[in-house]
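J.: The structure is given below, and queries will be raised subsequently.
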Amino acid sequence: MMPYTSNQFHHVFVRVPFSAQLLGFDDYIPAYAGASNDQLLTGVNFASAAAGIRDETGQQLGQRISFGGQLQNYQAAVQQLVSILGDEDSAASHLARCIFTVGMGSNDYLNNYFMPAVYPTSQQYTPEQFADALAGQYAQQLRTLYSFGARKVALMGVGQVGCSPNELAQRSPDGATCAAEINAAIDIFNRRLVALVDQFNALPGAHFTYINAYGVFEDILRAPGSHGLTVTNRGCCGVGRNNGQVTCLPFQTPCANRNEYLFWDAFHPTEAANILVGRRAYSAALPSDVHPVDLRTLAQL
């Protein structure tokens, strides 16, 4: 298969590498920092751990590059492409063929809105107001992406963060029932993303699509056994209740059957879970998996 160029901006629930493999990439898409000219032409990853749509998101975890900062790096990369390809028209033509996968928002809930001891946002906004504010800022940022040549853009919806081992450890009375308050807030934001896709698709040449990670996760949790999973409420590697109070530590021995776990650690899905979501992002199993098209169709547009 002929590889497609792909540029990535990710968040905590990362599932795109497997989709990139399905699109024809032989290896992980390299980080933008230190990427060669050849790598820049075939696609780079602008992601930064703990980053959010909001600049302050994740600040308690130390240095990170917010989505705004990632976009500044992308704009610098576009200027590099103009130099490599010789002129702006050639760069624009190249970028129009690229697939951009953008997955932001989960940290704005995990490491901001639902962390009231550190951030004031939950006192300043209702869940509806926060989703509106977040989606409004996201729309402005995505408009920058579009203005700098992005035409094929997949927005990854936020997954069911309220079902992560960390949230179960903190909020679930039985250690198995998901935190409904968190999932309900995320569902509001995801609905805003669907509306954003429709708005951007009205722009010239734009092909935006929404990947319903929340719905795919819900489907997996409804019948984990049919997806080859046996443990959905504990991290394969972690400490404390649900293996979710402290995330996987260096030199800690993980579970022996990681392919049967939904979560690798307190926050992140296992490779097995990422493969399940990645397959459905690439080729939708249900009409609700994507809006309006899956990644395979997006690549062909």
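J.: Near the amide H of residue 156, under 5 Å away, which other amide H atoms are found, from residues 5 or more places off or on another chain, if H is placed in the peptide plane?
T.: Sorted by chain and number, the residues that satisfy this are 102, 103, 104, 211.
J.: If amide hydrogens are placed 1.01 Å from N in the peptide plane, which non-local residues have theirs closer than 5 Å to the one on residue 294?
T.: Close amide H contacts, sequence-distant or interchain: 284.
J.: Treat every Asp and Glu Cβ in the chain as -1 and every Lys and Arg Cβ as +1, leave all other atoms uncharged, and give the resulting dipole magnitude about the Cα centre to the nearest 20 debye. Write out the running numbers ahead of the final one.
T.: Values: 17 positive and 23 negative charges, 46 e Å.
Roughly 220 debye, rounded to the nearest 20.
J.: Which net charge results when you count Lys and Arg as +1 and Asp and Glu as -1 among the other residues whose beta-carbon is under 13 Å from that of residue 186? Write down the numbers at each step before the final one.
T.: Numbers: positive: 191, 192; negative: 108, 128, 167, 181, 187, 218.
So the environment of residue 186 carries a net charge of -4.
J.: Using a 1.4 angstrom probe, figure out how much accessible area the chain has per residue, in square angstrom, rounded to the nearest whole.
T.: 43
J.: Oh, and also: How much of the accessible area of the chain, in percent, comes from carbon and sulfur atoms when a 1.4 Å probe is used?
T.: Values: 6760 of 12950 Å².
Carbon and sulfur together cover 52 percent of it.
J.: Taking θ = phi - 60°, what integer Hz values does the Karplus form 6.51 cos²θ - 1.76 cosθ + 1.60 yield along segment 158-164, in sequence order, with x for Gly and Pro?
T.: 6, x, 7, 4, x, 9, 5
J.: Here's a follow-up. I'd like the Karplus ³J(HN,Hα) series for segment 209-217: coefficients 6.51, -1.76, 1.60, θ = phi - 60°, whole numbers in Hz, and an x wherever there's a Gly or Pro.
T.: Once rounded to whole Hz, the list reads 8, 10, 9, 7, 4, 4, x, 5, 4.
J.: Additional query: Quick query: amide H of residue 236 versus all other amide H atoms, modeled in the peptide plane; which residues come in under 5 Å with a sequence gap of 5 or more or a different chain?
T.: Under 5 Å from the amide H of residue 236: 263, 264, 265.
J.: What list of ³J(HN,Hα) couplings, whole Hz, do you get for segment 255-261 from phi and the Karplus terms 6.51, -1.76, 1.60, once you set θ to phi - 60° and write x for glycine and proline?
T.: Per residue, the Karplus-derived 3J(HN,Hα) values read 5, 7, 10, 4, 5, 9, 9 Hz.
J.: What order do you get for 55-68, 260-273, 193-206 when each peptide is scored by the mean count of other beta carbon atoms within 10 Å, highest first?
T.: Result, highest mean first: 260-273, 55-68, 193-206.
The values are calculated or read from the model by the stated rules, or taken from the named source; none is laboratory data. Here the structure is a predicted model, which is why all the values come from computation and not from measurement. Reconstructed Cβ throughout: ideal geometry from the backbone, glycine too, with neighbour counts over all protein chains shown. Remember, those area values only see protein heavy atoms, side chains included, never the ligands or the DNA or RNA. Shrake-Rupley method; radii C 1.70, N 1.55, O 1.52, S 1.80 Å.
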